[in-house]
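The values are calculated or read from the model by the stated rules, or taken from the named source; none is laboratory data. Owing to the predicted nature of the structure, the values given are computational and were not obtained by experimental measurement. When we count neighbours, we look across all protein chains shown, and the Cβ atoms used for this are built from the backbone with ideal geometry, even at glycine.
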Amino acid sequence: MATATAPPQSADLARTDLHRQMLRQMLLIRRFEERAAEAYALGKIGGFCHLYIGQEAVAVGSMAALRSDDYVIASYREHGQALVRGIAANAVMAELFGKATGCSRGKGGSMHLFDVEKRFMGGHGIVGGHIPLAAGLAFAVKYRGGDQVCLCFFGEAAVNIGAFHESLNMSAVWKLPVIYLCENNRYGMGTAFERVAAITDVAEHACSYDMQAETVNGMDALAVYEATQRAVQRARQGGRPTLLEVRTYRFMGHSMSDPLHGVYRTKEEVEEQKKRDPITQLAHKLKDDGVLSQEGVDAIDAEVRAEVDAAVRFADESPDPAPEELYTHVLAD
Amino acid sequence: MPTLTYRDALNQALREEMQRDSNVFLMGEEVGIYQGAYKVSRGLLEEFGPQRVVDTPIAELGFAGIGIGAAMAGLRPVIEFMTWNFAVLALDQIVNSAAKMLYMSGGQIPMPIVFRGPNGAALQLSSQHSQAWETWLAHIPGLKVVAPATPADAKGLLKSAIRDNNPVIVLEGEMLYNTKGEVPEGEYVVSIGKADLKREGGDVTLICHSKTVTVALKAADTLQEQGVAADVLDLRSLRPLDEAAILASVTKTNRAVVVEEGWPHCGVGAQVVDLIQRDAFDQLDAPVLRITQADTPMPYNKQLERAAKPSPEKIVAAARRVLYLE
């Protein structure tokens, strides 16, 4: 019956739209990061610059499960999360360039992207230091009786930090609506996780705090999306935190100043991992599902390349912050 | 005007601000059921409930960070540390998160949070529990740091701190909780950044804050008996520093002794001396001297502890030296 089949059709449509959007977001991050690497090599971007290439499915899949009034907070490898949250590529690239038009007015840089309107509560530069802040944002939600959640991104190396354990404990005791999303890319800078962690299955830590946990394939955006949806539901409806261990891999060095491989991992390992490229995987799926042709994928790619090119131009042409900006925003009025 | 203890003046400030603004909440170890390790939060759990008077585990870094996260969302947390010695565990959060959030977000995220608790030595608590942390904290741009010496200032400064849109460190004197003084009822705020001339003289300026105000006032009594009239200037706020008040007094007396509970190296007094030599050099009739804790960890032994701390005798001797009476 037509009436019986209509809802699934519209649900299918919404799903394929979502998948197409996810592919676009992943491609946007990939192309953005490639251009950021070029700009870094040219000296347009300074300091530390940690690229997200290889991990795109994590930000894209997880954040698709959020509402616009939910909070997001991240570590210093957060260009991807900022873009997915809807901060314009122009404003993110301009921030990397240190320009006045950047999303933190050129005062934060690559590691400190912020947009309060988007509830993107920053990139933070001390490993694990922002994990309690996530619990605090969730505390505020609960304090006000809201139903928002807070999604917190951090790497597996942060799990060895006390702040992680203190936060998980208090958020479990106080039933805070927070999702701890550990992006396990296997290396804290140049140190393999198994060399420094007694428990290498990060999700197991949840047992210590009577918390729900899931281990997810981080190269599969849809798997990340579904796991995050379950976690969001627990947080939104039950005020229960979740620990998600999302297993991923970084195709680049720790930062732009670090080697891609060498003493801590082999070229062969990196090449092997690249066969799991999350973008290729989702593109394949969309083609298999008949949602997109190769031409369709190429058209999206061309579109995001143009967006990133425009962002680089915008960043390049934007002014530096005025000299007096040095002394503004030290204290609020 | 009612007479209150320092602890009850703080309690009154907390109660009034929590009544005034439902965004204000208190979080820390033993603040609720136990009524506070130093009873500053007595009765607050009963009045405001466990949502706003939150007992934490012993996890200073964690709950300081949770407070900061709540402030990022617009709440106005008051984070109590059982003592500032334990707050050192939370310094990453205070320095890297609270103090820098507004700046590195390009002005998007104000940080209306108070970190408070007892600071400085008490009696025979030995090395790890007898430390004055103001130098560490006042060093950091993005923080405000106050250190009230009297019950009235404790109330007025804590109320200002809670209403401030910046992270404010409130250093309470562990030995001051039982001291008494007149405290105005109801709306009484003391502006952050204003020193207070606790005693007026004209011969020498004794610059002090927190517990050393009491010590300096005793020294001023002794000096008075010796015919020397001292200005006792209570800084009250260490960041911002009331530079105008310091310079006004030194311009009048031409001599100064700076007193603090902390260690000498890079201390608050060093900052004050820097100001005086720079902006009142021509007014000085003697080098400025400093009285600090001895440059050692605090010993347990009573005699040694006494020798380590600033005392009226040490201040009197220093004042006589800058007056060339020795």
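Here are some notes:
- Qualifying positions in segment B:42-61 - away from chain A (no Cβ under 14 Å), of a type outside the set (Asp, Glu) and part of a helix (DSSP H, G or I): B:Leu44, B:Leu45
- Every residue from segment A:177-225 that is basic (Lys, Arg) and either outside any helix (DSSP H, G or I) or touching a residue at least 40 places away in the same chain (Cβ under 8 Å) (or both): A:Arg186
Okay, residues lined up against (1) in the same structural domain as B:Leu233 (by TED's automatic domain parsing); (2) assigned to a helix (DSSP H, G or I); (3) touching a strand residue (DSSP E or B) at 6+ places or on another chain (Cβ under 9 Å); (4) without any contact (Cβ under 8 Å) to a residue 12 or more places away in the chain:
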site: B:Ala154; (1), (2), (3), (4): no, yes, yes, no
site: B:Lys159; (1), (2), (3), (4): no, yes, no, no
site: B:Val170; (1), (2), (3), (4): no, no, yes, no
site: B:Asn178; (1), (2), (3), (4): no, no, yes, no
site: B:Gly201; (1), (2), (3), (4): yes, no, yes, no
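- Those residues of segment A:100-147 which are closer than 25 Å to A:Phe314 by Cα, at the interface with chain B (Cβ under 7 Å from one of its Cβ atoms) and either touching a strand residue (DSSP E or B) at 6+ places or on another chain (Cβ under 9 Å) or at pLDDT below 95 (or both), in sequence order: A:Ser104, A:Gly108, A:His112, A:Phe114, A:Met121, A:Gly122
- Checking A:His261, A:His329, A:His254 one by one, the residue that is within 14 Å of chain B (Cβ to nearest Cβ) and surrounded by 13 or more Cβ atoms within 10 Å (Cβ to Cβ) is A:His329 and no other.
- For segment A:53-65, the criterion of being at pLDDT below 95 and not small (Gly, Ala, Ser) is met by none of the residues.
- Inclusion of B:Tyr177 among residues that are closer than 20 Å to B:Glu29 by Cβ and either of a type in the set (Ser, Thr, Tyr) or at pLDDT below 95 (or both) is warranted.
- So A:Leu28, is it at pLDDT 95 or above and out of contact with any Asp or Glu (no Cβ under 7 Å at 6 or more places or on another chain): no
- Unique match (being part of a strand (DSSP E or B), more than 10 Å from chain A (Cβ to nearest Cβ) and farther than 23 Å from A:Gly108 by Cα) among B:Val78, B:Val88: B:Val78
- Among the residues listed as A:Asp309, A:Asp301, A:Asp258, A:Asp316, the single one being under 19 Å from A:Ala37 (Cα atoms), acidic (Asp, Glu) and touching a Gly at 6+ places or on another chain (Cβ under 9 Å): A:Asp258
- Any hit, segment A:154-175, residues being among the basic types (Lys, Arg) and away from chain B (no Cβ under 14 Å): no
- Pairs linking a residue in segment B:94-111 that is within 15 Å of A:Ile126 (Cα to Cα) to a residue that is among the basic types (Lys, Arg), with Cβ atoms under 8 Å and 6 or more positions apart or on different chains, are B:Met104/A:Lys107.
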